[in-house]
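The values are calculated or read from the model by the stated rules, or taken from the named source; none is laboratory data. Keep in mind it's a predicted model, so treat the numbers as computed, not measured. Cβ sites come from the backbone with ideal geometry, for glycine too, and all protein chains shown count toward neighbours. Surface areas here come from the heavy atoms of the whole protein model, side chains and all, with no ligands, DNA or RNA. Shrake-Rupley method; radii C 1.70, N 1.55, O 1.52, S 1.80 Å.
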Amino acid sequence: HNLKGNCWVYLRAINKVYDITGYVANSGNHPGGNVIVPYCGMDIYNYFVGSAGGHRHNTSTINIMLQGYYIGPLI
């Protein structure tokens, strides 16, 4: 799940996995274009909250936008 056409990411800090393939498949969906693609198959928490160089997203983004892509808990 580490490709643009099959992209899952996880947020280890909140123990959740997301299938964001539908989101990243069209680079026009994200304001940063394909910036997410290198993180497919990885823990993107630090990048997502801005501590690893990414854009800092707020809690509502996690709770509202990502919820539609939620697969289940990270086991």
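Listing for the model above:
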item	result
Long-range neighbours under 8 Å by Cβ, at least six apart or interchain, first residue in a helix (DSSP H, G or I) within the range 28-49, second among the basic types (Lys, Arg)	ASN34/LYS4; VAL37/LYS4; TYR45/ARG12
Every pair of residues 6+ apart whose Cβ atoms lie under 6 Å, when the first sits in the range 1-21 and is among the basic types (Lys, Arg) while the second is modelled with pLDDT under 95 and open to solvent by less than 30 Å² (accessible area, probe 1.4 Å)	LYS4/VAL24
Total residues in the range 1-25, condition of a type in the set (A, V, I, L, M), loosely packed, with under 15 Cβ neighbours inside 10 Å and within 13 Å of TYR70 (Cβ to Cβ)	1
Close pairs from the range 60-75: first under 17 Å from ALA25 (Cα atoms) and assigned to a helix (DSSP H, G or I), partner open to solvent by less than 80 Å² (accessible area, probe 1.4 Å) and of a type in the set (Ser, Thr, Tyr), Cβ under 8 Å, at least 6 apart	LEU66/TYR18; TYR69/TYR18; TYR69/TYR23
Matching residues, the range 31-41, being open to solvent by 30 Å² or more (accessible area, probe 1.4 Å) and modelled with pLDDT of 75 or more	ASN34, VAL35, VAL37, PRO38, TYR39, GLY41
Considering residues of the range 42-66 that are open to solvent by 40 Å² or more (accessible area, probe 1.4 Å) and closer than 14 Å to ASP19 by Cα only, the residue modelled with the lowest pLDDT	MET65
